[in-house]
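All remarks here apply to the structure that follows.
The values are calculated or read from the model by the stated rules, or taken from the named source; none is laboratory data. These figures come from a predicted structure and were not determined experimentally. Here the Cβ is made from the backbone with ideal geometry for all residues, glycine too, and neighbour counts use every protein chain on show. Note: accessible area is taken over every heavy atom of the protein model, side chains too, but ligands, DNA and RNA are not part of it. Shrake-Rupley method; radii C 1.70, N 1.55, O 1.52, S 1.80 Å.
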Amino acid sequence: MKSSPWWKQATIYQIYPRSFFDSNGDGEGDLPGIISKLEYVQELGVDAIWLSPFYTSPNKDGGYDVADPRDVDPRFGNLDDAKKLIQVAHSLGLKVIVDVVPNHFSDQHIWFQQALRAKRGSAERARFHFYDANEDGTPPNNWISLFGGPSWTQVEDGQYYLHLFDSSQPDLNWDNPEVASDYEVTLRFWLDLGVDGFRIDVAHGLVKENLLTNHPDPQGISDALRLDVSMDPEIRYALLPTVPYFDRQGVHEIYRKWRKLFDSYKDRDIMAVAEAWVHPPINSTRYVRSDELHQVFNFDLLDAPFKSDFLYEVVNRSIELMDSVGALPTWALSNHDSPRVASRIGEVQARALALFVLALPGSCYVFAGQELGLPDGEIPDSSRQDPIYIRTKGVQKGRDGARVPLPWSGETAPFGFTTGKPWLPLTDKWKELTVEKQSVDPKSTLNLFRTALKLRADHLIDQGSIRWLESPEHGSKSSSLLGVRRGNVSIYMNLSDSAAEVEITGKLLTVSAGIVDSRDGKVTIPPISTVWVHH
Ligand code: NOJ
């Protein structure tokens, strides 16, 4: 059964176009490549695809530096390819979500090129955040870019422009009505082409406050925003709400207007999901108020350890939080910005966690390659391309590891991804992980996902919420077992490396690893494994 509306409990497959499938041998994935693999995606059993940016871009930040948001970069194909992709996806029953990047443009966007040529104080500069230097020549404030280094870059006449990310990604000035109306043109452009929704990049960042004021602890907020910097949680949680460029009230006005635009496409069930890193967590619910967006990403599992008390907390809190505004949570174990889950917590653990999460209420985002159990790629520093690596002069390795192209077939790298040289190297160690190999192995991670997604649709969607059976606060088992009941299915995840026994009767639907022993009203769950049992 499908959920209603379609997005509410959808499984959404994130495709990073550059890394999916290369149709023309230039070493980079493209739209025709994606079209040729849509049947594979459909067979997986997902409801929708989310395409990371494929727009015209100098590609300084993997396409999140958009030079024309209403056209396709020639590296990926052209607008006809985009139209065809949407049509073919729809004919296969897949919805299509595209990324929009409203916080910034590329410095190659015509507006920014015009701004560079225009005078200080001009209408062209007012589309971005251009300010004069301080008297001593320093930038207007002390903010640090999320990619390292100052948030300001100086232009020839001495003014500075703001960029929260790379210097090639100037931030748009959302106080300027021209910016808002141009963005509406972009949204309509893609909706008229047939897309079903949007993933909104840096959705919490569009409005800035105190632009000309120094922050008392710029390094502190910069560290607090980074998942890879460890920090006393109290210090982190005290710093985060003081970030003057994130989660300001003004962003909600923008999404209220967008919602009206989406709803004007009657009967289309257009949806939008916000990429919003906010603190305290309750703030995330504001993005999904009934007159705003439909979903907000929940990033809590992206860096969660494989520990029952931690996972219990996250699952419970996420469900309760969204319930407070009548929404359902979203779940993601991997994306193009974070280490792949199989590398972070281990391959078997990642299978167990995926099977647990796929049973939960809400929408699940699956990052392409996750269904193959791919680890992060092994990348020599000389091949790295992420601006984070470049701007921090190698201090931070960046996100290329998660972006290595997918292995499709054959015995050696690049495993059918391209006939040319892949833009990031694949390793021969992935021989057993190809789609070709995994398709014919009933025990593969790929077949686990296929089975789980089918069972999820048949038995879990529209079954309401969960009831805890085992957790650090429920049931009688040790702290290494999590169990929930949803509808007629009991789901148990055994996090320990020894088998766990639970008293249940029913039919085993699936298991993430190992062999389940079930007799006399008892089920023995293999170590580091999740089972679904139907009653
Ligand atoms: C979030 C995107 O997911 C990331 O890849 C990008 O670098 C930043 N936003 C800037 O657009």
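Rundown of residues vs (1) assigned to a strand (DSSP E or B); (2) within 16 Å of residue 306 (Cβ to Cβ); (3) free of Cβ contacts under 8 Å to residues at least 12 places away in the same chain, yes/no style:
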| site | (1), (2), (3) |
| --- | --- |
| 485 | yes, no, no |
| 504 | no, no, no |
| 508 | yes, no, no |
| 513 | no, yes, no |
| 523 | yes, no, no |
| 527 | no, yes, no |
| 530 | yes, yes, no |
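The helices (runs of 4 or more DSSP H) located wholly in the stretch 281-362 that include 3 or more residues which are over 17 Å from the mean Cα position of the chain (by Cα) occupy 308-323, 347-357.
Taking each residue of the stretch 391-406 that is within 13 Å of the ligand (Cβ to nearest atom) and looking for partners that are among the acidic types (Asp, Glu) and open to solvent by 20 Å² or more (accessible area, probe 1.4 Å) with beta-carbon atoms closer than 7 Å, six or more apart or interchain, yields 399/337; 402/376.
For the stretch 195-246, taking the residues that are hydrophobic (A, V, I, L, M, F, W, C) and in contact with a Phe, Trp or Tyr (Cβ under 6 Å, 6 or more places away or on another chain), the one that is farthest from the ligand (Cβ to nearest atom) is identified as 207.
Of all residues in the stretch 303-360, those that are touching a residue at least 60 places away in the same chain (Cβ under 8 Å), surrounded by 20 or more Cβ atoms within 10 Å (Cβ to Cβ) and aromatic (Phe, Trp, Tyr) total 1. Annotation note: of 251, 195, the sole residue that is of a type outside the set (Gly, Ala, Ser), open to solvent by less than 20 Å² (accessible area, probe 1.4 Å), more than 30 Å from residue 133 (Cα to Cα) and under 21 Å from the mean Cα position of the chain (by Cα) is 195. Of the residues making up the stretch 195-224, those that are within 30 Å of residue 83 (Cβ to Cβ) and assigned to a loop (DSSP other than H, G, I, E, B) number 6.
Please tell me if residue 141 is farther than 30 Å from residue 197 by Cβ and either open to solvent by less than 40 Å² (accessible area, probe 1.4 Å) or small (Gly, Ala, Ser) (or both). I'd like the intermediate steps shown before the answer.
Working: farther than 30 Å from residue 197 by Cβ: yes; either open to solvent by less than 40 Å² (accessible area, probe 1.4 Å) or small (Gly, Ala, Ser) (or both): yes.
Yes.
Evaluating residue 130 against the criteria (1) open to solvent by less than 10 Å² (accessible area, probe 1.4 Å); (2) of a type in the set (Phe, Trp, Tyr); (3) free of Cβ contacts under 8 Å to residues at least 40 places away in the same chain leaves one unmet condition, (1). Out of curiosity, is residue 278 within 16 Å of the ligand (Cβ to nearest atom), among the aliphatic types (A, V, I, L, M), in a strand (DSSP E or B) and within 18 Å of the chain's Cα centre (by Cα)? Judged against the criteria, residue 278 is not a match.
Considering only residues that are assigned to a loop (DSSP other than H, G, I, E, B) and surrounded by fewer than 18 Cβ atoms within 10 Å (Cβ to Cβ), look in the stretch 30-86 and name the one that is farthest from the ligand (Cβ to nearest atom). Before the answer, list the steps.
From the stretch 30-86, those assigned to a loop (DSSP other than H, G, I, E, B) are 30, 37, 45-47, 52-54, 57-67, 73-78; that's our starting set.
Of the ones still in play, those that are also surrounded by fewer than 18 Cβ atoms within 10 Å (Cβ to Cβ) are 58, 74, 78.
Values: 58: 14, 74: 21, 78: 23 Å.
It comes out as 78.
For the stretch 108-150, a residue qualifies if it is touching a Pro at 6+ places or on another chain (Cβ under 6 Å) and farther than 23 Å from residue 213 by Cα, and the qualifying residues are 108, 112. Of all positions in the stretch 151-158, none carries a residue that is in contact with a helix residue (DSSP H, G or I) (Cβ under 8 Å, 6 or more places away or on another chain) and under 23 Å from residue 248 (Cβ atoms). Residues that are open to solvent by 20 Å² or more (accessible area, probe 1.4 Å), of a type outside the set (D, E, K, R) and over 18 Å from residue 45 (Cα atoms) do not occur anywhere in the stretch 436-454. Scanning the stretch 209-217 for residues that are within 16 Å of residue 104 (Cβ to Cβ) and in contact with a Leu (Cβ under 9 Å, 6 or more places away or on another chain) turns up at least one hit. Every condition in (1) in contact with a helix residue (DSSP H, G or I) (Cβ under 7 Å, 6 or more places away or on another chain); (2) in contact (Cβ under 8 Å) with a residue 40 or more places away in the chain; (3) surrounded by 16 or more Cβ atoms within 10 Å (Cβ to Cβ); (4) not small (Gly, Ala, Ser) holds for residue 246 except the one numbered (1). The condition of being outside any strand (DSSP E or B), modelled with pLDDT of 95 or more, open to solvent by less than 60 Å² (accessible area, probe 1.4 Å) and closer than 24 Å to residue 56 by Cα holds for residue 107. Would you be able to say whether some residue in the stretch 160-179 is of a type outside the set (Phe, Trp, Tyr), under 24 Å from residue 292 (Cα atoms) and within 13 Å of the ligand (Cβ to nearest atom)? Yes, because at least one residue in the stretch 160-179 is of a type outside the set (Phe, Trp, Tyr), under 24 Å from residue 292 (Cα atoms) and within 13 Å of the ligand (Cβ to nearest atom).
Only one of the numbered conditions (1) open to solvent by 10 Å² or more (accessible area, probe 1.4 Å); (2) part of a loop (DSSP other than H, G, I, E, B); (3) modelled with pLDDT of 95 or more is violated by residue 227, and that is (3).
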